[in-house]
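Working notes, beginning with the structure itself.
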Amino acid sequence: MKHIIVVGAGAVGLSCARAALKRGHRVTVLEQGSLPNPQAASYDQHRMIRYQYGDAEGYTRMVGEAFGAWERLWQDIDARHCVATGTFGVSLEANDEIFQSVSTFKRLGISHELMDSASAERLCPQLTLPEAAQGLYQADGGVLFADRIVDSLLAWVTRHGAQMRPHTRVAHVDTGVSRVTLADGEVVEGDALVVAAGAWLPGLMPHIPDLPTWRQAVCYVQAPAEFQADWANGPCLTDLGIGDNYALTPVDGTGLKFGSGLHRRAGAPDAAGFVAEPEEGYEVISHFAPYLRNAAAYRPIRMAVGYYVKDASAKFRVQHDGKAVVITNCDGQMFKFSALMGERVMASIDGELAASELTRWAAGER
Ligand SMILES: Cc1cc2nc3c(=O)[nH]c(=O)nc-3n(C[C@H](O)[C@H](O)[C@H](O)COP(=O)(O)OP(=O)(O)OC[C@H]3O[C@@H](n4cnc5c(N)ncnc54)[C@H](O)[C@@H]3O)c2cc1C
(Lines give C-alpha, C1' and ligand atoms only; values in the text may rest on other atoms or scores of the structure.)
Protein backbone atom coordinates (compact mmCIF):
# COMPACT_ATOMS: atom_id res chain seq x y z
CA MET A 1 0.00 0.00 0.00
CA LYS A 2 1.27 3.43 -0.97
CA HIS A 3 0.32 6.78 0.49
CA ILE A 4 -0.90 8.96 -2.39
CA ILE A 5 -1.07 12.73 -1.90
CA VAL A 6 -3.54 14.44 -4.22
CA VAL A 7 -3.36 18.21 -4.70
CA GLY A 8 -6.73 19.57 -5.86
CA ALA A 9 -10.26 18.23 -5.38
CA GLY A 10 -11.70 18.88 -8.83
CA ALA A 11 -12.95 16.05 -11.01
CA VAL A 12 -9.42 14.98 -11.91
CA GLY A 13 -7.96 14.97 -8.40
CA LEU A 14 -11.02 13.18 -6.99
CA SER A 15 -10.96 10.61 -9.81
CA CYS A 16 -7.30 9.89 -9.05
CA ALA A 17 -8.20 9.59 -5.36
CA ARG A 18 -11.00 7.12 -6.16
CA ALA A 19 -8.75 5.05 -8.43
CA ALA A 20 -6.03 5.00 -5.75
CA LEU A 21 -8.48 3.84 -3.08
CA LYS A 22 -9.79 1.09 -5.38
CA ARG A 23 -6.20 -0.11 -5.70
CA GLY A 24 -5.88 -0.33 -1.92
CA HIS A 25 -3.76 2.77 -1.37
CA ARG A 26 -4.01 5.31 1.40
CA VAL A 27 -5.07 8.73 0.10
CA THR A 28 -4.82 12.32 1.35
CA VAL A 29 -6.59 15.04 -0.65
CA LEU A 30 -5.43 18.62 -0.15
CA GLU A 31 -7.82 21.32 -1.38
CA GLN A 32 -7.29 25.05 -0.95
CA GLY A 33 -11.02 25.81 -1.11
CA SER A 34 -14.11 24.22 0.35
CA LEU A 35 -15.28 20.68 -0.52
CA PRO A 36 -16.74 20.94 -3.07
CA ASN A 37 -15.03 24.06 -4.35
CA PRO A 38 -17.54 26.03 -6.46
CA GLN A 39 -14.64 27.86 -8.14
CA ALA A 40 -13.11 24.66 -9.53
CA ALA A 41 -13.54 24.24 -13.29
CA SER A 42 -15.28 20.96 -12.50
CA TYR A 43 -18.13 22.48 -10.54
CA ASP A 44 -21.03 23.59 -12.70
CA GLN A 45 -24.41 22.05 -13.49
CA HIS A 46 -23.21 20.27 -16.59
CA ARG A 47 -20.33 19.49 -18.92
CA MET A 48 -20.63 17.90 -22.34
CA ILE A 49 -19.34 14.55 -23.50
CA ARG A 50 -19.14 14.15 -27.28
CA TYR A 51 -17.17 12.18 -29.80
CA GLN A 52 -16.51 15.10 -32.14
CA TYR A 53 -12.80 15.87 -32.16
CA GLY A 54 -12.30 16.70 -35.83
CA ASP A 55 -9.39 14.73 -37.24
CA ALA A 56 -7.91 14.06 -33.79
CA GLU A 57 -8.34 10.30 -33.93
CA GLY A 58 -6.63 9.67 -30.58
CA TYR A 59 -9.10 11.84 -28.67
CA THR A 60 -12.07 10.46 -30.60
CA ARG A 61 -11.04 6.95 -29.54
CA MET A 62 -10.45 8.17 -26.00
CA VAL A 63 -14.09 9.29 -25.74
CA GLY A 64 -15.15 5.66 -26.22
CA GLU A 65 -12.79 4.66 -23.40
CA ALA A 66 -14.19 7.51 -21.28
CA PHE A 67 -17.74 6.16 -21.59
CA GLY A 68 -16.45 2.88 -20.14
CA ALA A 69 -14.86 4.69 -17.20
CA TRP A 70 -18.13 6.54 -16.47
CA GLU A 71 -19.99 3.21 -16.40
CA ARG A 72 -17.56 2.01 -13.72
CA LEU A 73 -18.21 5.18 -11.71
CA TRP A 74 -21.99 4.83 -11.98
CA GLN A 75 -21.66 1.30 -10.56
CA ASP A 76 -19.54 2.50 -7.64
CA ILE A 77 -21.84 5.37 -6.68
CA ASP A 78 -25.08 3.57 -7.61
CA ALA A 79 -26.34 6.53 -9.67
CA ARG A 80 -26.11 7.68 -13.29
CA HIS A 81 -25.28 11.38 -13.46
CA CYS A 82 -25.62 11.66 -17.24
CA VAL A 83 -28.18 11.89 -20.02
CA ALA A 84 -27.49 10.83 -23.60
CA THR A 85 -29.20 13.79 -25.25
CA GLY A 86 -27.23 13.19 -28.45
CA THR A 87 -24.89 15.82 -29.83
CA PHE A 88 -25.28 17.89 -32.94
CA GLY A 89 -22.74 20.00 -34.82
CA VAL A 90 -23.33 22.26 -37.79
CA SER A 91 -20.84 22.34 -40.63
CA LEU A 92 -20.81 25.65 -42.51
CA GLU A 93 -17.85 25.20 -44.81
CA ALA A 94 -15.93 22.40 -46.48
CA ASN A 95 -13.22 20.82 -44.34
CA ASP A 96 -14.27 22.45 -41.07
CA GLU A 97 -14.03 20.48 -37.84
CA ILE A 98 -17.45 18.85 -38.23
CA PHE A 99 -16.55 17.74 -41.72
CA GLN A 100 -13.30 16.25 -40.39
CA SER A 101 -15.21 14.50 -37.59
CA VAL A 102 -17.36 12.73 -40.17
CA SER A 103 -14.24 11.22 -41.77
CA THR A 104 -12.90 10.20 -38.37
CA PHE A 105 -16.24 8.62 -37.40
CA LYS A 106 -16.26 6.64 -40.64
CA ARG A 107 -12.69 5.40 -40.07
CA LEU A 108 -13.43 4.39 -36.46
CA GLY A 109 -16.93 3.01 -37.08
CA ILE A 110 -18.68 5.49 -34.79
CA SER A 111 -22.41 5.67 -35.52
CA HIS A 112 -23.60 9.04 -36.79
CA GLU A 113 -26.12 10.72 -39.05
CA LEU A 114 -25.33 13.43 -41.56
CA MET A 115 -28.19 15.79 -42.40
CA ASP A 116 -28.93 18.54 -44.85
CA SER A 117 -30.09 21.91 -43.60
CA ALA A 118 -33.82 21.11 -43.77
CA SER A 119 -33.46 17.86 -41.79
CA ALA A 120 -31.24 19.67 -39.27
CA GLU A 121 -33.96 22.27 -38.71
CA ARG A 122 -36.51 19.49 -38.22
CA LEU A 123 -34.27 18.02 -35.50
CA CYS A 124 -33.70 21.47 -33.95
CA PRO A 125 -36.69 23.70 -34.83
CA GLN A 126 -35.23 26.50 -32.70
CA LEU A 127 -32.42 26.94 -35.26
CA THR A 128 -32.36 28.67 -38.62
CA LEU A 129 -29.48 27.46 -40.76
CA PRO A 130 -27.94 28.45 -44.09
CA GLU A 131 -29.14 26.26 -46.95
CA ALA A 132 -25.67 24.86 -47.52
CA ALA A 133 -25.21 23.85 -43.88
CA GLN A 134 -24.86 20.21 -42.93
CA GLY A 135 -25.59 18.73 -39.55
CA LEU A 136 -23.73 15.91 -37.79
CA TYR A 137 -25.79 14.03 -35.21
CA GLN A 138 -24.28 11.49 -32.84
CA ALA A 139 -26.61 9.70 -30.43
CA ASP A 140 -24.31 8.63 -27.57
CA GLY A 141 -22.99 12.00 -26.45
CA GLY A 142 -24.74 14.36 -24.09
CA VAL A 143 -24.70 15.81 -20.62
CA LEU A 144 -22.61 14.86 -17.60
CA PHE A 145 -24.03 16.42 -14.43
CA ALA A 146 -20.70 17.77 -13.25
CA ASP A 147 -21.58 19.10 -9.80
CA ARG A 148 -23.51 15.92 -8.93
CA ILE A 149 -20.51 13.85 -10.07
CA VAL A 150 -18.10 15.87 -7.93
CA ASP A 151 -20.47 15.62 -4.93
CA SER A 152 -20.76 11.85 -5.40
CA LEU A 153 -17.01 11.43 -5.80
CA LEU A 154 -16.43 13.42 -2.62
CA ALA A 155 -18.90 11.23 -0.74
CA TRP A 156 -17.41 8.03 -2.17
CA VAL A 157 -13.75 8.80 -1.45
CA THR A 158 -14.61 10.06 2.04
CA ARG A 159 -16.61 6.89 2.75
CA HIS A 160 -13.71 4.78 1.50
CA GLY A 161 -11.25 6.33 3.89
CA ALA A 162 -9.55 9.21 2.07
CA GLN A 163 -8.28 11.90 4.38
CA MET A 164 -9.98 15.05 3.08
CA ARG A 165 -8.40 18.37 3.95
CA PRO A 166 -10.39 21.41 2.73
CA HIS A 167 -9.02 24.96 3.11
CA THR A 168 -5.51 23.51 2.88
CA ARG A 169 -3.41 25.35 0.36
CA VAL A 170 -0.25 23.71 -0.92
CA ALA A 171 2.45 26.37 -1.18
CA HIS A 172 5.32 24.25 -2.48
CA VAL A 173 5.71 20.92 -4.23
CA ASP A 174 8.91 18.89 -3.88
CA THR A 175 8.52 16.28 -6.60
CA GLY A 176 11.87 14.59 -5.96
CA VAL A 177 10.72 13.26 -2.59
CA SER A 178 6.95 13.36 -3.03
CA ARG A 179 6.53 16.05 -0.42
CA VAL A 180 4.41 19.20 -0.22
CA THR A 181 4.65 22.17 2.09
CA LEU A 182 1.37 23.76 3.07
CA ALA A 183 0.77 27.50 3.32
CA ASP A 184 1.03 27.28 7.14
CA GLY A 185 4.41 25.52 6.90
CA GLU A 186 3.22 21.96 7.63
CA VAL A 187 4.97 19.33 5.54
CA VAL A 188 3.00 16.38 4.13
CA GLU A 189 4.90 13.48 2.60
CA GLY A 190 3.70 10.41 0.74
CA ASP A 191 4.97 7.73 -1.63
CA ALA A 192 3.55 9.41 -4.71
CA LEU A 193 2.02 12.73 -5.55
CA VAL A 194 -0.73 13.71 -7.98
CA VAL A 195 -0.98 17.40 -8.86
CA ALA A 196 -4.37 18.28 -10.36
CA ALA A 197 -4.44 21.98 -9.52
CA GLY A 198 -6.34 23.18 -12.60
CA ALA A 199 -5.75 26.82 -13.49
CA TRP A 200 -3.83 27.43 -10.25
CA LEU A 201 -0.91 25.25 -11.39
CA PRO A 202 1.28 28.09 -12.78
CA GLY A 203 1.41 29.69 -9.32
CA LEU A 204 2.16 26.39 -7.63
CA MET A 205 4.79 25.01 -10.04
CA PRO A 206 6.22 28.07 -11.81
CA HIS A 207 9.12 26.06 -13.26
CA ILE A 208 6.74 24.31 -15.70
CA PRO A 209 6.92 26.29 -18.94
CA ASP A 210 4.09 27.59 -21.06
CA LEU A 211 0.93 27.34 -18.93
CA PRO A 212 -1.36 30.10 -20.26
CA THR A 213 -4.55 30.41 -18.22
CA TRP A 214 -7.90 31.44 -19.63
CA ARG A 215 -11.16 32.71 -18.25
CA GLN A 216 -14.21 31.14 -19.86
CA ALA A 217 -17.56 32.64 -18.88
CA VAL A 218 -20.63 30.71 -19.99
CA CYS A 219 -24.21 31.92 -19.91
CA TYR A 220 -27.36 30.31 -18.55
CA VAL A 221 -30.07 31.41 -20.94
CA GLN A 222 -33.83 31.86 -20.97
CA ALA A 223 -35.14 30.71 -24.37
CA PRO A 224 -38.39 32.12 -25.74
CA ALA A 225 -41.38 30.09 -24.58
CA GLU A 226 -42.13 28.66 -28.03
CA PHE A 227 -38.70 26.95 -28.21
CA GLN A 228 -38.18 25.77 -24.66
CA ALA A 229 -39.43 22.25 -25.36
CA ASP A 230 -37.20 22.00 -28.46
CA TRP A 231 -34.15 22.80 -26.37
CA ALA A 232 -35.22 20.45 -23.57
CA ASN A 233 -35.88 17.52 -25.88
CA GLY A 234 -33.14 18.14 -28.43
CA PRO A 235 -29.44 17.36 -28.63
CA CYS A 236 -26.57 19.36 -27.14
CA LEU A 237 -24.96 21.57 -29.78
CA THR A 238 -21.24 21.04 -30.27
CA ASP A 239 -20.52 23.64 -32.92
CA LEU A 240 -22.84 26.31 -34.18
CA GLY A 241 -21.50 28.98 -36.48
CA ILE A 242 -18.13 30.60 -36.18
CA GLY A 243 -16.11 30.43 -32.98
CA ASP A 244 -16.83 27.14 -31.22
CA ASN A 245 -20.31 28.01 -29.99
CA TYR A 246 -21.89 25.18 -28.02
CA ALA A 247 -25.04 24.65 -25.99
CA LEU A 248 -25.95 22.29 -23.17
CA THR A 249 -29.59 21.38 -23.07
CA PRO A 250 -31.79 21.91 -20.01
CA VAL A 251 -32.29 18.34 -18.81
CA ASP A 252 -33.20 16.90 -15.44
CA GLY A 253 -33.45 20.22 -13.61
CA THR A 254 -30.47 21.95 -15.21
CA GLY A 255 -30.53 25.18 -17.24
CA LEU A 256 -29.95 25.86 -20.93
CA LYS A 257 -26.32 26.99 -21.17
CA PHE A 258 -24.49 28.71 -24.02
CA GLY A 259 -20.70 28.83 -24.30
CA SER A 260 -18.53 30.40 -26.98
CA GLY A 261 -14.85 30.16 -27.81
CA LEU A 262 -15.15 33.83 -28.78
CA HIS A 263 -15.85 34.65 -25.14
CA ARG A 264 -12.58 33.22 -23.81
CA ARG A 265 -10.12 35.72 -22.34
CA ALA A 266 -6.59 35.43 -21.02
CA GLY A 267 -6.75 35.56 -17.24
CA ALA A 268 -5.97 33.75 -13.99
CA PRO A 269 -8.50 32.92 -11.25
CA ASP A 270 -6.78 34.77 -8.41
CA ALA A 271 -6.34 37.93 -10.50
CA ALA A 272 -9.50 38.11 -12.59
CA GLY A 273 -11.98 36.58 -10.12
CA PHE A 274 -15.35 34.96 -10.65
CA VAL A 275 -17.70 37.87 -11.25
CA ALA A 276 -19.09 38.49 -14.75
CA GLU A 277 -20.50 41.75 -16.07
CA PRO A 278 -24.24 41.60 -16.89
CA GLU A 279 -23.62 42.51 -20.55
CA GLU A 280 -21.36 39.48 -21.03
CA GLY A 281 -24.47 37.31 -21.27
CA TYR A 282 -25.74 39.30 -24.23
CA GLU A 283 -22.30 39.00 -25.85
CA VAL A 284 -22.41 35.21 -25.56
CA ILE A 285 -25.95 35.07 -26.97
CA SER A 286 -24.92 37.36 -29.86
CA HIS A 287 -22.56 34.63 -31.17
CA PHE A 288 -25.56 32.30 -31.47
CA ALA A 289 -28.01 34.89 -32.73
CA PRO A 290 -27.52 34.42 -36.51
CA TYR A 291 -28.66 30.80 -36.13
CA LEU A 292 -31.53 31.22 -33.63
CA ARG A 293 -35.18 31.75 -34.53
CA ASN A 294 -36.55 34.72 -32.59
CA ALA A 295 -33.01 35.45 -31.38
CA ALA A 296 -34.03 38.82 -29.90
CA ALA A 297 -36.18 37.05 -27.30
CA TYR A 298 -33.26 35.14 -25.68
CA ARG A 299 -32.26 36.52 -22.25
CA PRO A 300 -29.22 35.83 -20.07
CA ILE A 301 -30.14 34.46 -16.63
CA ARG A 302 -26.68 34.25 -15.07
CA MET A 303 -23.05 33.76 -16.01
CA ALA A 304 -20.76 31.01 -14.69
CA VAL A 305 -17.05 31.81 -14.74
CA GLY A 306 -14.35 29.14 -14.88
CA TYR A 307 -10.64 28.91 -15.65
CA TYR A 308 -8.34 26.43 -17.32
CA VAL A 309 -4.84 26.05 -18.75
CA LYS A 310 -4.71 25.88 -22.53
CA ASP A 311 -1.61 26.17 -24.68
CA ALA A 312 -1.45 26.22 -28.47
CA SER A 313 -1.10 22.43 -28.73
CA ALA A 314 -4.65 21.68 -27.47
CA LYS A 315 -3.24 18.42 -26.05
CA PHE A 316 -3.47 17.29 -22.44
CA ARG A 317 -0.10 17.34 -20.70
CA VAL A 318 0.19 14.51 -18.17
CA GLN A 319 3.73 13.97 -17.02
CA HIS A 320 5.75 12.21 -14.37
CA ASP A 321 7.99 14.75 -12.67
CA GLY A 322 10.13 12.91 -10.13
CA LYS A 323 7.66 11.18 -7.79
CA ALA A 324 4.74 13.32 -8.95
CA VAL A 325 2.31 13.06 -11.82
CA VAL A 326 1.22 16.50 -13.00
CA ILE A 327 -1.98 16.81 -15.03
CA THR A 328 -2.43 20.03 -16.95
CA ASN A 329 -3.48 21.75 -20.17
CA CYS A 330 -6.96 20.42 -19.53
CA ASP A 331 -8.54 23.16 -21.66
CA GLY A 332 -12.33 23.15 -21.81
CA GLN A 333 -12.10 19.41 -22.48
CA MET A 334 -11.05 17.33 -19.50
CA PHE A 335 -14.27 16.77 -17.60
CA LYS A 336 -15.44 14.04 -19.97
CA PHE A 337 -12.11 12.24 -19.52
CA SER A 338 -11.65 12.77 -15.78
CA ALA A 339 -12.87 9.35 -14.59
CA LEU A 340 -10.69 7.66 -17.20
CA MET A 341 -7.73 9.92 -16.41
CA GLY A 342 -7.86 8.92 -12.75
CA GLU A 343 -7.67 5.24 -13.70
CA ARG A 344 -4.75 5.75 -16.10
CA VAL A 345 -2.74 7.97 -13.77
CA MET A 346 -2.98 5.42 -10.98
CA ALA A 347 -2.11 2.56 -13.37
CA SER A 348 1.00 4.52 -14.22
CA ILE A 349 1.89 5.24 -10.59
CA ASP A 350 1.57 1.50 -9.92
CA GLY A 351 3.94 0.71 -12.79
CA GLU A 352 1.38 -0.84 -15.15
CA LEU A 353 1.68 1.96 -17.69
CA ALA A 354 5.04 3.49 -18.55
CA ALA A 355 5.37 7.20 -17.88
CA SER A 356 6.07 7.88 -21.56
CA GLU A 357 3.00 5.85 -22.58
CA LEU A 358 0.79 7.81 -20.20
CA THR A 359 2.08 11.08 -21.64
CA ARG A 360 1.59 9.97 -25.24
CA TRP A 361 -1.87 8.56 -24.58
CA ALA A 362 -2.97 11.76 -22.81
CA ALA A 363 -1.68 13.79 -25.76
CA GLY A 364 -3.98 11.78 -28.01
CA GLU A 365 -1.00 10.22 -29.78
CA ARG A 366 -1.72 6.56 -29.23
C1 LIG B 1 -16.63 27.15 -18.64
C2 LIG B 1 -16.06 25.78 -18.85
C3 LIG B 1 -16.72 24.88 -19.67
C4 LIG B 1 -16.20 23.61 -19.87
N5 LIG B 1 -16.89 22.71 -20.63
C6 LIG B 1 -16.46 21.43 -20.71
C7 LIG B 1 -17.24 20.46 -21.39
O8 LIG B 1 -18.33 20.75 -21.90
N9 LIG B 1 -16.76 19.20 -21.46
C10 LIG B 1 -15.58 18.83 -20.88
O11 LIG B 1 -15.20 17.67 -20.98
N12 LIG B 1 -14.83 19.73 -20.21
C13 LIG B 1 -15.25 21.01 -20.11
N14 LIG B 1 -14.52 21.93 -19.42
C15 LIG B 1 -13.24 21.53 -18.86
C16 LIG B 1 -13.35 20.80 -17.54
O17 LIG B 1 -14.35 21.37 -16.74
C18 LIG B 1 -12.00 20.88 -16.85
O19 LIG B 1 -10.96 20.50 -17.76
C20 LIG B 1 -11.94 19.92 -15.65
O21 LIG B 1 -13.05 20.14 -14.82
C22 LIG B 1 -10.64 20.15 -14.91
O23 LIG B 1 -10.67 19.42 -13.71
P24 LIG B 1 -9.48 19.56 -12.69
O25 LIG B 1 -9.80 18.70 -11.53
O26 LIG B 1 -8.18 19.35 -13.39
O27 LIG B 1 -9.45 21.11 -12.28
P28 LIG B 1 -10.44 21.97 -11.30
O29 LIG B 1 -11.80 21.40 -11.38
O30 LIG B 1 -10.21 23.36 -11.59
O31 LIG B 1 -9.87 21.58 -9.87
C32 LIG B 1 -8.61 22.02 -9.41
C33 LIG B 1 -8.70 22.11 -7.89
O34 LIG B 1 -7.38 22.26 -7.37
C35 LIG B 1 -7.44 23.14 -6.27
N36 LIG B 1 -6.11 23.71 -6.05
C37 LIG B 1 -5.41 24.44 -6.95
N38 LIG B 1 -4.22 24.83 -6.43
C39 LIG B 1 -4.17 24.31 -5.18
C40 LIG B 1 -3.20 24.38 -4.15
N41 LIG B 1 -2.07 25.05 -4.29
N42 LIG B 1 -3.46 23.73 -2.99
C43 LIG B 1 -4.64 23.03 -2.83
N44 LIG B 1 -5.60 22.97 -3.77
C45 LIG B 1 -5.37 23.59 -4.95
C46 LIG B 1 -8.46 24.18 -6.72
O47 LIG B 1 -8.96 24.92 -5.64
C48 LIG B 1 -9.49 23.33 -7.42
O49 LIG B 1 -10.51 22.93 -6.54
C50 LIG B 1 -14.99 23.22 -19.22
C51 LIG B 1 -14.32 24.13 -18.39
C52 LIG B 1 -14.85 25.39 -18.20
C53 LIG B 1 -14.13 26.34 -17.29
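The values are calculated or read from the model by the stated rules, or taken from the named source; none is laboratory data. Please read these numbers as outputs of a predicted model, since none were measured by experiment. All Cβ positions, glycine included, derive from the backbone under ideal geometry; neighbour counts span all protein chains shown. Remember, those area values only see protein heavy atoms, side chains included, never the ligands or the DNA or RNA. Shrake-Rupley method; radii C 1.70, N 1.55, O 1.52, S 1.80 Å.
Of all DSSP beta bridges located in the chain, what percent are antiparallel, nearest 5? Could the numbers behind the result be given before it?
Working: 48 of 66 bridges.
Once the DSSP bridges in the chain are tallied, antiparallel ones form about 75 percent.
Subtract the Cα-Cα distance of residue 94 and residue 312 from 0.36 nm times their separation in residues, and report this length gain in nm to one decimal.
Numbers: separation 218, 0.36 × 218 = 78.48 nm, distance 2.34 nm.
Here the segment from residue 94 to residue 312 would lengthen by 76.1 nm.
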Using alpha-carbon positions, what is the distance between the centroids of region 313-331 and region 101-150, in Å? 30 Å
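Dividing the Cα radius of gyration by the Kirkwood radius, what Rg/Rh value follows for region 285-366? Mind showing how you got there, number by number?
Working: Rg = 18.4 Å, Rh = 15.3 Å.
Rg divided by Rh gives 1.20.
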Remind me, relative contact order of region 102-211 in percent, using alpha carbon pairs under 8 angstrom and six or more residues apart? 14 percent
Identify which of 125, 278, 202 has the largest mean-square fluctuation in a Gaussian network model of the chain, with springs joining Cα atoms closer than 10 Å. 278
Hydropathy first: keep DSSP H helices in the chain averaging at least -1.0 on Kyte-Doolittle, then drop any whose Cα extent along the axis falls short of 15 Å, and list what survives. 11-22, 57-77, 97-108, 146-159, 278-288, 338-349
What number comes out for the charge environment of residue 139, summing +1 per Lys or Arg and -1 per Asp or Glu over other residues with Cβ under 13 Å away? -1
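Can you tell me what percent of all Cα-Cα pairs in the chain are more than 41 Å apart? Don't jump to the answer; show the numbers that get you there.
Working: 7620 of 66795 pairs.
Summing the P(r) tail past 41 Å for the chain gives 11 percent.
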Pair-distance profile P(r), taking every C-alpha pair of region 95-192, with 5 angstrom steps and integer %: 2, 9, 11, 11, 10, 8, 6, 6, 10, 10, 9, 5, 1
Rounded to the nearest 10 Å², the accessible area of residue 149 at probe 1.4 Å: 0 Å²
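Roughly how many debye, to the nearest 20, is the charge dipole of region 165-244 about its Cα centre, given +1 on each Lys and Arg Cβ, -1 on each Asp and Glu Cβ, and no other charges? Don't skip to the end; give the middle numbers.
Details: 4 positive and 10 negative charges, 47 e Å.
My answer is approximately 220 debye.
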Isotropic mean projected area of the C-alpha convex hull, region 210-258 (nm²): 4.7 nm²
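To the nearest 20 debye, what is the magnitude of the charge dipole of the chain about its Cα centre, counting +1 on the Cβ of each Lys and Arg and -1 on the Cβ of each Asp and Glu? Mind showing how you got there, number by number?
Values: 33 positive and 42 negative charges, 164 e Å.
Roughly 780 debye for the chain.
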If contacts are Cα pairs under 8 angstrom and at least 6 residues apart, what is the relative contact order of region 258-366 in percent? 21 percent
Using +1 at the C-beta of Lys and Arg and -1 at the C-beta of Asp and Glu, which of 32, 134, 100 has the Cα lying farthest in the positive direction of the dipole of region 1-137? 32
Would you work out which of 248, 188, 312 lies farthest towards the positive end of the dipole of the chain? Charges go on Cβ: Lys and Arg +1, Asp and Glu -1. 188
Among 342, 356, 332, which residue has its Cα positioned farthest towards the positive end of the charge dipole of region 308-358, with +1 placed on the Cβ of Lys and Arg, -1 on the Cβ of Asp and Glu, and the dipole taken about the Cα centre? 332
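From the P(r) of region 104-144, can you give the percent of Cα pairs sitting at distances over 14 Å? It would help to have the intermediate numbers written out before the result.
Working: 435 of 820 pairs.
It works out to 53 percent of all Cα pairs.
Hand me the GluC sites (Glu not before Pro) from region 251-321 located in a DSSP loop with no more than 14 other Cβ atoms within 10 Å, in residue order please.
Details: sites: 279, 280, 283; in loops: none.
When the GluC sites (Glu not before Pro) of region 251-321 are filtered for loop state and at most 14 Cβ neighbours within 10 Å, nothing remains.
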Hey, got the dipole for region 170-326? About the Cα centre, +1 on K and R Cβ, -1 on D and E Cβ, debye to the nearest 20? 340 debye
Please compute one quarter of the surface area of the Cα convex hull for region 210-328 and express it in square nanometres. 9.3 nm²
Can you pull the percent of the chain's accessible area that's carbon plus sulfur, 1.4 Å probe, other chains left in place? 50 percent
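Given a Förster distance of 35 Å, report the FRET efficiency between residue 84 and residue 321 from their Cβ-Cβ distance, rounded to the nearest 0.05. Walk me through the numbers before you get to the answer.
Values: r = 37 Å, r/R0 = 1.07.
It comes out at approximately 0.40.
In nm, what is the difference between 0.36 nm times the number of residues separating residue 289 and residue 108 and their Cα-Cα distance?
Values: separation 181, 0.36 × 181 = 65.16 nm, distance 3.40 nm.
The span from residue 289 to residue 108 would gain 61.8 nm if fully extended.
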